[in-house]
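These notes concern the structure reproduced below.
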Amino acid sequence: MTLTESVAGPWLDAALDQARRRLPEWELRFAEAGRRCRPAGGDGAADTARVELLAAARPDAADTARLYHHGTAAERRAVLLALPRLDLPAADGLPLVEDALRSNDTRLIAAAVGPYAAEHLGPHAWRHAVLKCLFTTVPVAAVADLAQRAAGDRELARMLDGQAAERLAAGRPVPEDLHRVRALTREAAQA
């Protein structure tokens, strides 16, 4: 069952029409997507509906930032997930990604390390985003283009080795994901 075939179907169709026409009500539909879509498919359905609404409305940078900063965690996550579809320049989108990466909300962090971050985060910030995932137990599978960006990244390898040493010194286990990322850097360095 697709999102539009769910109980949210007629509601979503009307909301998307409002968003495409840039009627002010589209932002109310953005906010209520969690209530309208959750019964049909959990938070993933609400995320999908919100991303589709953002893509249809194509808000400018100021409106996107306002929706993010004034939104609930779920609404902020949807803004992060929609960034690749909004064609915002890095100067406008990256502050939202960086804000999410400063949080301890694992769902925001996971959304923040998606395709927009892979394309726009500089090497230093991207490495710290990977470490943040490891520290907060966000699966590194959430990191878009991980294998490509980790390839041959000796600085990331050094940082991972340091984090592993700190964990071992503190008597804590080293997460499997750390080993996985470290292996990516080793394989790439040998290629």
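The values are calculated or read from the model by the stated rules, or taken from the named source; none is laboratory data. Bear in mind the structure is a predicted one, so any value in this text is a computation, not a measurement. So basically every Cβ, Gly included, is an ideal-geometry build from the backbone, and we count neighbours across all protein chains shown. Ligands, DNA and RNA are stripped out before the accessible areas are found, and what is left, the full protein with its side chains, is counted by its heavy atoms. Shrake-Rupley method; radii C 1.70, N 1.55, O 1.52, S 1.80 Å.
General observations
- Helices (runs of 4 or more DSSP H) enclosed by segment 141-191 - at least 3 residues per element that are surrounded by fewer than 16 Cβ atoms within 10 Å (Cβ to Cβ) and not β-branched (Val, Ile, Thr): 154-169, 176-190
- Filtered residues of segment 118-138 (kept if crowded, with 16+ Cβ neighbours inside 10 Å and not in a helix (DSSP H, G or I)): 121, 138
- Residue within segment 18-35 that is of a type outside the set (Phe, Trp, Tyr), open to solvent by 20 Å² or more (accessible area, probe 1.4 Å) and within 29 Å of residue 137 (Cα to Cα) present: yes
- Checking every residue in segment 72-87 against the condition of being out of contact with any Asp or Glu (no Cβ under 8 Å at 6 or more places or on another chain) and over 19 Å from residue 115 (Cα atoms) gives at least one match.
- Within segment 32-89, the set of residues being of a type in the set (Asp, Glu) and on the phi > 0 side of the Ramachandran plot comprises just one member, 87.
- Contacts under 7 angstrom Cβ, first residue in segment 159-170 being within 21 Å of residue 125 (Cβ to Cβ), partner surrounded by 11 or more Cβ atoms within 10 Å (Cβ to Cβ) and among the basic types (Lys, Arg), 6 or more apart: 159/127; 160/182
- Check on residue 111, in contact with an Asp or Glu (Cβ under 9 Å, 6 or more places away or on another chain) and buried (at least 18 other Cβ atoms within 10 Å of the Cβ): yes
- For segment 63-108, residues that are assigned to a loop (DSSP other than H, G, I, E, B) and not small (Gly, Ala, Ser) total 6.
- For beta carbons closer than 8 Å, sequence separation of 6+ or different chains, a first residue in segment 93-118 that is free of Cβ contacts under 8 Å to residues at least 12 places away in the same chain and a second that is crowded, with 18+ Cβ neighbours inside 10 Å and aliphatic (A, V, I, L, M), the qualifying pairs are 103/109.
- Complete set of residues in segment 12-53 that are among the polar types (S, T, N, Q) and modelled with pLDDT under 95: 48
- The single residue among 93, 9 that is surrounded by 14 or more Cβ atoms within 10 Å (Cβ to Cβ) and modelled with pLDDT under 95 turns out to be 9.
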